[in-house]
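Report on one structure; see the data block that follows.
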Amino acid sequence: MTDLASDVELEPPHLDDSDDDFQYEEVEVVSVGDDNLIGEDLDSALLSLQNLTAKPDQWPAVHDVEPQIGQVTQRPEVVDDFIRNFLVKMGLSKTLEMFETEWYEMKATGRADLAANEKVLDLYTSNLQLEDQLHGVRKEVEDAKSLAEKASATWDKFRKERDFHRMHHKRVAQEKNKLIHDMQILRKHYSMVKLNSFY
């Protein structure tokens with residue numbers, strides 16, 4: 001049976017593409033270098049797509065891309081916002097309602113257009129910020145004072161307890177020394193009585 005298997009050679013079937021009119025061309029496989037696309041985000045995917053579609057001499061280096069750092073700009077407050085914030089901070093709710101009523105009436109009649117565009121001077125806002133900081137520091141100082149007073153009271157209590165226990169220890173030590181002295185006297189007396197009774 002092995003002779004038959006060696007005599008018969010199996011040929012793979014030949015597929016004839018002649019029925020098909022389509023011209024097949026070989027496609028080149030371009031390796032990007034990183035086949036691990038699991039951790040890829042949108043920006044890196046777009047960059048990879050641009051790299052694949054661009055010519056090799058136009059490919060940007062990956063390390064050239066730097067993230068942009070955001071900047072925060074502080075705009076000066078508008079006058080009406082400044083007044084509203086002040087009234088809310090001071091708890092003047094009725095005055096705030098009256099201000100808003102009159103302010104919207106002025107805007108409706110067109111008298112508030114100039115005042116609405118004016119900004120509060122930087123000096124006023126910086127004064128308010130300094131007042132807020134001062135209030136915070138004063139609160140911290142008050143908290144520190146109350147904590148120091150509690151610590152001082154605790155320290156005084158521990159010192160009194162220490163003095164009490166020290167005095168108690170001294171008293172116990174004196175009583176012990178007195179008892180030792182009394183025992184020595186009793187031993188001498190007992191030994192004398194024993195000697196006297198022996199003679």
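Only the coordinates and a few stated rules stand behind these numbers; no lab work does. The model shown is predicted, which means the values in this text are computed figures rather than measured ones. Note: ideal-geometry Cβ built from the backbone for every residue, glycine included; neighbour counts use all protein chains shown.
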What's the local net charge at residue 98, with K and R +1, D and E -1, over the other residues with C-beta under 14 Å away? -3
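Given that compact globular proteins tend to follow 2.2 N^0.38 Å, what is the ratio of the alpha-carbon Rg of region 144-191 to that value?
2.16
Full-extension gain between residue 182 and residue 47, please, as 0.36 nm times their residue separation minus the C-alpha to C-alpha distance.
Result for the pair: 38.5 nm of gain on full extension.
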What is the spin-label model distance, in nm, from residue 146 to residue 28 if the labels are put 7 Å beyond Cα along the C-beta direction? 7.7
Assuming R0 = 41 Å, what is the FRET efficiency of residue 86 and residue 153, from their Cβ-Cβ distance, to the nearest 0.05? 0.50
